[in-house]
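Have a look at the structure below, then the notes.
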Amino acid sequence: MPRKQQRSKPATRALHSIDTPLVVDRFSHECRGITSYQGKTLFVRNALPGERISVRLEKSYKRYDEAEAIDIADFSSDRVPPVCAHYNSCGGCDLQHLNPDRAPEIKQQLVLDQLQRFAGCAPLSLDAPITSSPTGYRRSARIGINQRQRDGALLTGFRHRQSAKLMDIKHCPVLDPRLDQLFSTLHEFLDDLSDLRHLTEVLVSLGDSGGALRFRLTRPASDPLKERLLAIAEQLQLSAWIEDNQHQLTPLSPITELSFLAKDQTRLHFLPGDFLQVNAAVNRRMIVRALEWLNPKPDQVLLDMFCGLGNFSLPLAPHLKQVIGVEGSLTMVERARQNAVRNGINNAEFYCADLSQPIKASAWFRQGQADLILLDPPRSGAAELLPQLLQLKPAKLLYIACNPAALARDAAVLLEAGYCLQRFSVLDMFPNTSHIESMALFERNT
């Protein structure tokens, strides 16, 4: 049995700055600049191809080093000023120095390069990237809360870059504008409290209208704290929930309907804690493109793997004979079933299954019919699942990928099984970051 491949550990030698100007050759697949020093590859954040830079080493490995650009000359024409005052310190966005109009094209080429290198394929048709505004797009977020030990000061925000320590921020331009006052409101109602170390974070989920705040606590909240948390939510016109160590949710305010319009008349309802695509605008356009690419017929069956709350299944169901959705979370399966009822959709069935395990014994698999498959796996991809799905011999398989490396690996399996990469595009689901999502349509050769 082959050994599990492990990333090498950093070397123990002292790190230092390199004042010798280095020229950035190209992007890595993580959107870091690539250069070299004394025969060793350097991956450099905050660096763009063509720039001359001096760097500060951050980590050293046997075969490569990681660094940050600290002095830049010959600025790339693609470099822009960051839109956030916290960019140089915050661990959230990592690509605000790149022109957001150029980022989707660059990301697309990075995925195409991996497909060519690891799967030996290129798409027959290349669609324009799906994009959105680079700011104000996040409808869900995790905000850290901490009380500094030395002086009791309240910190609310995100982690420092390459650190577990929390930084206090006043505004985040990538959050939905409805959250503009979130950080100031947290301080307004919590600054004077003396013991908040058991309040660790607040998680935000927004629908098209309304939303929820989940306050995560490591011990039960006192009544005075509950009153403060409820007041925060009311000022922001959101509902309030408490989440304990076992992820059990308790509403502090009356439960309000949370929903978003997925496509046309299909409205999907959710509760705090349910998985949502973070970028509503990109999500809507992604569903439209999935319908266009799959081009389903009224006599066909669609198998939607990792279906969540029905994000793809339910908008596509009216165009098909039947939709079968499969998801590992029973909570999400129940939500998908409820959404089918709410939307008057009676040709969609949803099942709970661990898709990392063999699926041959599953009732939904034994039906033996899937003209179309939509696959939206986690970052690890679908290496174990794909060979089983291909036994159904679908005419088309639409792969929604959040990890280009996993997509390239799985594309090789599909090509070996007699499929061709028909269409491809990237989805800039997370503007201002190096995160790359894409969609690839594979069709069986006839």
field: Test: P82 is modelled with pLDDT of 95 or more, open to solvent by 30 Å² or more (accessible area, probe 1.4 Å) and closer than 30 Å to T156 by Cα
entry: yes
- prompt: Got a sec? Which of R197, R178 is touching a strand residue (DSSP E or B) at 6+ places or on another chain (Cβ under 6 Å), open to solvent by 80 Å² or more (accessible area, probe 1.4 Å) and within 26 Å of Q237 (Cα to Cα)?
  reply: R197
query: What number of residues within segment 177-230 are among the hydroxyl-bearing types (S, T, Y) and under 13 Å from Q147 (Cα atoms)?
result: 2
query: Inside segment 200-210, can you point out the residues that are open to solvent by less than 30 Å² (accessible area, probe 1.4 Å) and touching a strand residue (DSSP E or B) at 6+ places or on another chain (Cβ under 6 Å)?
result: E201, V202, L203, V204, S205, G207
- prompt: Is there a residue in segment 310-323 that is in a helix (DSSP H, G or I), surrounded by fewer than 22 Cβ atoms within 10 Å (Cβ to Cβ) and basic (K, R)?
  reply: no
query: L414: touching a residue at least 60 places away in the same chain (Cβ under 8 Å), more than 28 Å from R45 (Cβ to Cβ) and of a type in the set (A, V, I, L, M), yes or no?
result: no
- prompt: How many residues are of a type in the set (F, W, Y) and open to solvent by 50 Å² or more (accessible area, probe 1.4 Å) if we restrict to segment 362-415?
  reply: 0
- request: Test R228 against the stated conditions and say whether it is surrounded by fewer than 19 Cβ atoms within 10 Å (Cβ to Cβ) and more than 28 Å from R285 (Cβ to Cβ).
  value: no
task: Output the residues belonging to segment 172-220 that are hydroxyl-bearing (S, T, Y) and in a helix (DSSP H, G or I).
output: S184, T185
query: What are the residue pairs meeting all of these: first residue in segment 274-289, first residue of a type in the set (K, R), second residue open to solvent by 40 Å² or more (accessible area, probe 1.4 Å), Cβ atoms under 8 Å, and 6 or more apart or on different chains?
result: R284/L261
- line: Those residues of segment 52-69 which are in a strand (DSSP E or B) and either open to solvent by 80 Å² or more (accessible area, probe 1.4 Å) or on the phi > 0 side of the Ramachandran plot (or both) amount to R52, R56, K59
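The values are calculated or read from the model by the stated rules, or taken from the named source; none is laboratory data. Given the structure is predicted, the values throughout are model-derived calculations rather than measurements. Neighbour counts are summed over all protein chains in view; Cβ atoms, including those assigned to glycine, are modelled from backbone coordinates with ideal geometry. Side chains are part of the model used for accessible areas, which takes the heavy atoms of the whole protein and leaves out ligands, DNA and RNA. Shrake-Rupley method; radii C 1.70, N 1.55, O 1.52, S 1.80 Å.
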